[in-house]
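Asker: Attaching a single structure in structure tokens format; questions to follow.
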Amino acid sequence: MRRRFSNINQLWSWQILARLYASGVRHVCLAPGSRSAPLVLALVELTKIHPDLVLHTHFDERGLGFLALGLSKASAQAVAVITTSGTAVANLLPAVIEARHSHVPLILISADRPDELLDCGANQAIAQQQLFGAQVLDRLLLPAPDRDISVNNWLPSLDRLLRTQGPVHLNCPFREPLYPTEPERDFSAALPTRHPFSHNRPPPHPVSPAIDVTLARKTLIVAGQLSPTEAASLLDFCQRYRLVILADLNSQLRLQPSDWIIHYADVLFNNAAFVQTLNRFERVIQFSGRLISKRLLGWLAGFGGDHLIVDGHTDYLDPNRRALQQHQALPDFLLELAEVPLNWPACPSDVAALQAWNEIAGEQLPTLIGSTLSEISAITHLVQNLPAGCQLFAGNSLSIRLLDMYAAPVAPCRVFSNRGASGIDGLVATAAGVAAGSAEPLVLVLGDSSALYDLNSLALVNRVALQTGQAILVLVLNNNGGAIFNLLPAAQFGKTQRDYFQCPHDLDFAAAAAQFRLTYARPRSLAELVEQIRLALLPGSATLLEIQVPAAQSSQQIGQINRHFAQLTGPVA
């Protein structure tokens, strides 16, 4: 009897893992990730049929690779490793090098973004197909699953790969949906046996006539990742021409008070009337990319007007592959605009409506967030209590999203992050480097999985604080693993989601702080948190503050806030 599948990703994942088991693999090591969800869900189903297939999990891919190495050495059998895309894959390299030179069979299975999401600024999308170079004996680079590509075209190549005695790499790109979204059916019967697979990456950016920005168009500004100097120039320009800015956290404008900045766009995208107001604009000029808000990216994907991205680097920055991009530094672009007459029509009613929506969000969010200690209230109170000149380093995954969604614009501060590939590795070390290269206090906000990933780098925090005399505060939001998966379709899988996506660890950071000679506190209330922040930012202090919350708390609170704004009837022009 044929197995039934919800989508093509499930079918291909099942074929891969069934072949893996048939080749003799009995141990699979995996780390949490969303792009690898089709593989993980198929793997869990396979264990129900083959209980001798053992799954091992770890939140750190570097450690996971060495775990697999040890398992392979002890069992004298090939061991498979499954990771999500991006820097997660790169963290396997040290173990792969050891496996290559000690002739240990490892099967590295990396999930990947499909070709059309490479070289366009898409999140966690890197060129990883040749990442292991000469350290693997062979590799198989699959295409993204497609109904027009038969599995019979690549299964023989997979079988050959699995017979290799040493480390090998199988790269598996997946398009969405990454989780089952439709009723199961006999999907395999519909697969043809034609069209051998090939990699056909789309052109790096759309080829279209250039946008004449001097033409009369109702214009909206989107600010991506900017330097403080660029941000100041852009804000001055927008104030002069009465333009509103949808500001990303990394724009250096998101935390700056100004009537011309829409600070809460991500939250407001839940409201249809807010979106209708945005839809009345005829042109978007976006400065730089790496946008955090998926809702903003989704709106830009369907925007009916002109979309121009201006950036001083050559990287194409539109994951939707719709925008035209102008390779020009922001100051030069604004200087050129200042030298020509701009016939941009005033749209005071729409601008006023967006400003009113932003004011509504700023007024209502504190009540919705509440006075109980939570991840969301912790980051909002943290930002409210940052001293002038303090630097803020936003960790990836949930931390940077909470800051982007909810932090109030109380005082401008320099924001840093690692959003090139958006990995959760190396954040403590990077923040320590920022602190070592500056003369201002620094606060790092990150999740527990990120902190565990880079635990050894806490030694740098203490050292840099002693050397510079500046305060460094590490605020760990501990929701016991990857609680961000509660916001994704993985949440529907209950125990599977908990065991193989969230990967709870049941650890705290008190002993780690003591080991690396950091002052430690675990606030139980917002008042206690505010006092601990004050103490932690005294000159020369090196502090780790830990906020422990239930895993589902933030996802539930985010859902409640989203529903509230979806139901609001606000200003309509």
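Asker: So for the stretch 389-545, averaging the separation of alpha carbon pairs under 8 Å that are six or more residues apart and normalising by length, what relative contact order in percent results?
Answerer: On the way: 260 pairs, mean separation 37.2, N = 157.
Relative contact order for the stretch 389-545 comes out at 24 percent.
Asker: When we measure straight from the Cα of LYS48, which aspartates and glutamates land under 19 angstrom away, once same-chain ones fewer than 8 places off are left out?
Answerer: Straight-line reach from LYS48, under 19 Å: GLU184, ASP499.
Asker: If you line up the long axis of helix 8-22 against the longest principal axis of the chain, both from Cα atoms, how many degrees apart are they, to the nearest 10?
Answerer: In the chain, helix 8-22 runs at an angle near 40 degrees to the longest axis.
Asker: For a quick check of understanding: with a 1.4 angstrom probe and all protein chains in place, what accessible area in square angstrom does ARG217 have, to the nearest ten?
Answerer: 80
Asker: Here's something else I'd like to know. Could you give each residue of the stretch 555-569 its phi-based ³J(HN,Hα) in whole Hz, using Karplus coefficients 6.51, -1.76, 1.60 with θ = phi - 60°, and x for Gly or Pro?
Answerer: 4, 5, 5, 4, x, 5, 5, 4, 5, 4, 6, 5, 8, 5, 9
Asker: Taking all protein chains together and a probe of 1.4 Å, list ASP148, ASP248 from the most accessible to the least accessible.
Answerer: Details: ASP148 70, ASP248 10 Å².
Most to least solvent-accessible, the answer reads ASP148, ASP248.
Asker: Scan around THR57 for amide H atoms under 5 Å from its own, H built in the peptide plane at 1.01 Å from N, and keep only partners 5 or more places away or cross-chain.
Answerer: So THR57 has HN proximity to LEU30.
Asker: With +1 on each Lys and Arg Cβ and -1 on each Asp and Glu Cβ, and nothing else charged, work out how big the dipole of the stretch 483-573 is about its Cα centre, in Debye to the nearest 20. Don't jump to the answer; show the numbers that get you there.
Answerer: On the way: 7 positive and 6 negative charges, 23 e Å.
That gives the stretch 483-573 a dipole magnitude of about 120 debye.
Asker: Please get the size of the charge dipole for the stretch 314-457, origin at its Cα centre, with Cβ charges of +1 on Lys and Arg and -1 on Asp and Glu, quoted in debye to the nearest 20. Could you put the intermediate results ahead of the total?
Answerer: Numbers: 5 positive and 14 negative charges, 36 e Å.
Dipole of the stretch 314-457, to the nearest 20 debye: 180 debye.
Asker: ³J(HN,Hα) across the stretch 139-144 via Karplus (A = 6.51, B = -1.76, C = 1.60, θ = phi - 60°), whole Hz, x for Gly/Pro?
Answerer: Result, rounded to whole Hz: 8, 10, 9, 6, x, 5.
Asker: Give the long-range amide H neighbours of GLN391: residues separated by 5 or more places, or on another chain, with amide H under 5 Å away, using H modelled in the peptide plane at 1.01 Å from N.
Answerer: Excluding prolines and chain starts, which carry no amide H, the hits are LEU442, VAL443.
Asker: Roughly to the nearest percent, how much of the accessible area of the chain is carbon and sulfur, given a 1.4 Å probe?
Answerer: Numbers: 11670 of 22660 Å².
Ligands and nucleic acids excluded, carbon and sulfur give 52 percent.
Asker: Counting only helical runs of four or more DSSP H residues, what would the 222 nm mean residue ellipticity of the chain come to if each run contributes -39,500 (n - 2.57) and the total is spread over all its residues? Don't skip to the end; give the middle numbers.
Answerer: On the way: 20 runs with 209 residues, N = 573.
That calculation yields -11000 deg cm²/dmol at 222 nm.
Asker: Using modelled backbone amide H atoms (1.01 Å from N, in-plane), which distant-in-sequence or interchain residues come within less than 5 Å of VAL284's amide H?
Answerer: Close amide H contacts, sequence-distant or interchain: LEU220, ASP306, HIS307, LEU308.
The values are calculated or read from the model by the stated rules, or taken from the named source; none is laboratory data. Just so you know, these numbers come straight off a predicted model, no measurement behind them. Neighbour counts are summed over all protein chains in view; Cβ atoms, including those assigned to glycine, are modelled from backbone coordinates with ideal geometry. Areas reflect the complete protein model, heavy atoms only, side chains present, ligands, DNA and RNA absent. Shrake-Rupley method; radii C 1.70, N 1.55, O 1.52, S 1.80 Å.
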